[in-house]
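Novice: Below you will find the structure I want to go over with you.
The values are calculated or read from the model by the stated rules, or taken from the named source; none is laboratory data. In this text the structure is predicted, and so the values were computed from the model without any measurement. Please note: Cβ atoms are built from the backbone with ideal geometry, for glycine as well, and neighbour counts cover all protein chains shown.
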Amino acid sequence: MIASFLFIGNSIKKGRGVFTSQNILQHAVVEISPVIVMSDVDRKLLDQTLLHDYIFEWGDDHAQCCMALGYIAMYNHSYHSNCEYQMNYEEDIITIKAIRFIQSGEELFINYNGNWNNKKKVWFDVK
């Protein structure tokens, strides 16, 4: 399920991203997407490709990875995200939910660290 008001657009300095064409209320679910779960062996191979930037660690021990379908891989990172993602390992889905009111036209961001307010530097931002 992808909310009908979401669309892919050009993001300033970040390539493409996910945007909304209408206001989104705090706590609203905007996307529920299935994932393709891959083994730790597959993850090591994917880590050597461009797909490394689009996969998520998966499972309680984070040994596996997954490729999320839908728009999930297109959400850009922010340490001040307006959305959060929740992983359901039993159902093999990722859910995106607004953590605050989001105005029409805004880009939707997630924090790649997993928690919406985690300030730990991500792999592409380490200096």
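Novice: Does the range 37-45 contain at least one residue that is surrounded by 12 or more Cβ atoms within 10 Å (Cβ to Cβ), of a type in the set (A, V, I, L, M), farther than 19 Å from L108 by Cβ and in contact (Cβ under 8 Å) with a residue 24 or more places away in the chain?
Specialist: Scanning the range 37-45, I find at least one residue that is surrounded by 12 or more Cβ atoms within 10 Å (Cβ to Cβ), of a type in the set (A, V, I, L, M), farther than 19 Å from L108 by Cβ and in contact (Cβ under 8 Å) with a residue 24 or more places away in the chain, so the answer is yes.
Novice: Could I ask something else about it? For the range 96-114, state whether one or more residues are farther than 16 Å from S11 by Cβ and modelled with pLDDT under 90.
Specialist: Within the range 96-114, one or more residues are farther than 16 Å from S11 by Cβ and modelled with pLDDT under 90.
Novice: Right, here's the next one. Give the residues of the range 1-18 that are touching a residue at least 12 places away in the same chain (Cβ under 8 Å) and within 21 Å of I93 (Cα to Cα), sorted by residue number.
Specialist: Those that are touching a residue at least 12 places away in the same chain (Cβ under 8 Å) and within 21 Å of I93 (Cα to Cα): M1, I2, A3, F5, L6, F7, I8, G17, V18.
Novice: Right, E90: surrounded by fewer than 17 Cβ atoms within 10 Å (Cβ to Cβ), modelled with pLDDT of 95 or more and farther than 17 Å from N113 by Cβ or not? Spell out the reasoning first.
Specialist: Values: surrounded by fewer than 17 Cβ atoms within 10 Å (Cβ to Cβ): yes; modelled with pLDDT of 95 or more: yes; farther than 17 Å from N113 by Cβ: yes.
Yes.
Novice: What pairs come out if I take residues in the range 102-122 that are closer than 12 Å to Y79 by Cβ and surrounded by fewer than 19 Cβ atoms within 10 Å (Cβ to Cβ) and pair them with residues that are of a type in the set (A, V, I, L, M, F, W, C) and modelled with pLDDT under 70 whose C-beta lies under 8 Å away, six or more apart or interchain?
Specialist: N113/V122
Novice: Can you tell me how many residues in the range 53-96 are of a type outside the set (A, V, I, L, M) and under 23 Å from F7 (Cα atoms)? Working first, answer last.
Specialist: Here is the first cut: in the range 53-96, the ones of a type outside the set (A, V, I, L, M) are 53-54, 56-62, 64-66, 70-71, 75-86, 88-92, 95.
Subsequent filtering for residues that are under 23 Å from F7 (Cα atoms) retains 53-54, 56, 66, 70-71, 75-86, 95.
Qualifying residue count, the range 53-96: 19.
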